[in-house]
Amino acid sequence: MNNKALLVGINAYPNPNNNLRGCINDIIDMEYFIATKTNVYAKEKIKTLTDSRATKKGIVDHLNWLLLGASAGDQLLFHYSGHGAQLPSKGHAFEKDGLDEIICPYDFSGQGENALRDKEFAQLFAGIPKGVHFVWISDSC
């Protein structure tokens, strides 16, 4: 089996007014739990990104690692703890509320640059093979 986990926690954003507390603790606790209390994820198959390492590019690159080589029977976990928000949708008429749901990577500007939008996640996760158990835990607004 190729069980893998990606855990992302962001406490310290470039603008100190946006800082959070507890997000890194969330992923430390999750890593401890899945590595020691379950027989599902080996420690070497768990990757973490925190604060300035959790840029949009860093998260996308690591999501690609998470999905690489996945096949039926594998278990994949993506845990995100940090800011989330909504932004006006970019030309998607099917959004009834006109908004995209996003997570806010470390390098999110507040104006939409470097946001990870729901549509981008849908594209990334569309290739998950049938029979893969994929869980996304998001602790965000």
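Taking region 56-86 only, how many residues are among the charged types (D, E, K, R) and out of contact with any strand residue (DSSP E or B) (no Cβ under 9 Å at 6 or more places or on another chain)? Qualifying residue count, region 56-86: 2. Between Lys57, Lys43, Lys47, Lys96, the distinction of being in contact with a helix residue (DSSP H, G or I) (Cβ under 6 Å, 6 or more places away or on another chain), closer than 19 Å to Phe121 by Cβ and surrounded by fewer than 18 Cβ atoms within 10 Å (Cβ to Cβ) belongs to Lys47 only.
Filtering Ile102, Ile137 for residues that are open to solvent by 40 Å² or more (accessible area, probe 1.4 Å), part of a strand (DSSP E or B) and under 18 Å from Leu20 (Cβ atoms) leaves a single hit, Ile137. Residues that are of a type in the set (A, V, I, L, M, F, W, C) and in a helix (DSSP H, G or I) within region 1-34 comprise Cys23, Ile24, Ile27, Ile28, Met30, Phe33, Ile34, listed in sequence order. The requirement of being touching a strand residue (DSSP E or B) at 6+ places or on another chain (Cβ under 6 Å), open to solvent by less than 40 Å² (accessible area, probe 1.4 Å), of a type outside the set (A, V, I, L, M, F, W, C) and modelled with pLDDT under 95 is satisfied by Ser89. Inside region 111-134, residues that are over 18 Å from Gly84 (Cβ atoms) and either open to solvent by 60 Å² or more (accessible area, probe 1.4 Å) or in a loop (DSSP other than H, G, I, E, B) (or both) make up a count of 9.
Consider region 23-40. How many of its residues are over 11 Å from Leu7 (Cβ atoms), surrounded by 11 or more Cβ atoms within 10 Å (Cβ to Cβ) and more than 16 Å from the chain's Cα centre (by Cα)? Count: 1.
Looking at (1) within 12 Å of the chain's Cα centre (by Cα); (2) under 17 Å from Leu124 (Cβ atoms), which one does Ser81 not meet, given that it meets all the others? Going through the list (1) within 12 Å of the chain's Cα centre (by Cα); (2) under 17 Å from Leu124 (Cβ atoms), Ser81 breaks only (2). Asp100 fulfils the conditions (1) farther than 25 Å from Pro129 by Cβ; (2) touching a residue at least 60 places away in the same chain (Cβ under 8 Å) except for a single criterion, (2). Quick check on region 18-34. Is at least one of its residues at pLDDT 95 or above and in contact with a Pro (Cβ under 8 Å, 6 or more places away or on another chain)? No; the residues of region 18-34 include none that is at pLDDT 95 or above and in contact with a Pro (Cβ under 8 Å, 6 or more places away or on another chain).
The values are calculated or read from the model by the stated rules, or taken from the named source; none is laboratory data. These numbers were taken from a predicted model, which means no experiment stands behind them. Note: ideal-geometry Cβ built from the backbone for every residue, glycine included; neighbour counts use all protein chains shown. These accessible areas exclude ligands, DNA and RNA; they are computed on the full protein's heavy atoms, side chains included. Shrake-Rupley method; radii C 1.70, N 1.55, O 1.52, S 1.80 Å.
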